[in-house]
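See structure below.
The values are calculated or read from the model by the stated rules, or taken from the named source; none is laboratory data. Just so it is clear, the structure is predicted and the values come from calculations on it, not from any experiment. Here the Cβ positions follow ideal geometry from the backbone for every residue, glycine too, while neighbour counts run over all protein chains shown.
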Amino acid sequence: MKQTALGALAIAWLVPYTLLNVLTDLLGLIVVPICLAGNLVVTRESRYLPITITTWSAAWAWLWGNEEDGIAAPWYIAANPRWPLWLTRFTWSAIRNRSNNLQRVKYLNCLVLPSQIHCTVWSWGFWCRQGLYAGGALYVGSVQINIGYGFLPIMTLPLLYEPGTRDVPRLGLHWGIGAIASDRAVIERHAAPNL
């Protein structure tokens, strides 16, 4: 009964924050071009990791930055060598990693603890929950359509996923391509006690 009640609360909690994320994602289509046009860019230490990142210099644009990879990850820039830097930064910050720092806002993220994640996996998708934080995905061909926090069934396997990680749960509607087969294969190879 307690797990059912928590599951219902998790879904209820998810709705307003998904709407918040969709709103901030849409605002990013305005904020990121403003930052690019004004060259509001700075290089500094990440607030959360011992790395140097390139990010937005305007404090009001922080939500549309990325404290892990900056406003364009070095590997993403290298993967698109013919693109001008402004286009790489726009696609990374406004399209690929929309309002990425929203996941860093207190109470909107959670500490991932594999032993507390409960997942249900079907052939057409999955649903995972840790306390009041929940998320899942539907498989449509080779595309994985995610909603809610970015929990994955693989996270229930402590040997494969480091406890205490904060950067994976993410709100909103997100597309992911190509991760389905590898995630399914790992689930099939390992017995996850709480699946």
> Does segment 52-71 hold any residues that are in a loop (DSSP other than H, G, I, E, B) and buried (at least 18 other Cβ atoms within 10 Å of the Cβ), and which are they?
Replying inline: Gly65, Asn66, Glu67, Asp69, Gly70, Ile71
> Residues that are polar (S, T, N, Q) and touching a helix residue (DSSP H, G or I) at 6+ places or on another chain (Cβ under 8 Å): which strands (runs of 3 or more DSSP E) entirely in segment 72-148 hold 1 or more of them?
Replying inline: 125-130, 143-148
>> Please go through segment 11-38 and give me each residue that is surrounded by fewer than 20 Cβ atoms within 10 Å (Cβ to Cβ) and either more than 16 Å from Thr91 (Cα to Cα) or in contact with a Cys (Cβ under 6 Å, 6 or more places away or on another chain) (or both), ordered by number.
In response: Ile11, Ala12, Trp13, Val15, Pro16, Tyr17, Thr18, Leu19, Leu20, Val22, Leu23, Gly38
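Only one of Trp92, Trp75, Trp127, Trp83 is modelled with pLDDT of 80 or more, buried (at least 18 other Cβ atoms within 10 Å of the Cβ) and within 25 Å of Ile53 (Cβ to Cβ). Can you tell me which? Lay out the reasoning, then the answer.
On the way: Trp75 fails: buried (at least 18 other Cβ atoms within 10 Å of the Cβ); Trp127 fails: within 25 Å of Ile53 (Cβ to Cβ); Trp83 fails: buried (at least 18 other Cβ atoms within 10 Å of the Cβ).
Unique residue meeting the criteria: Trp92.
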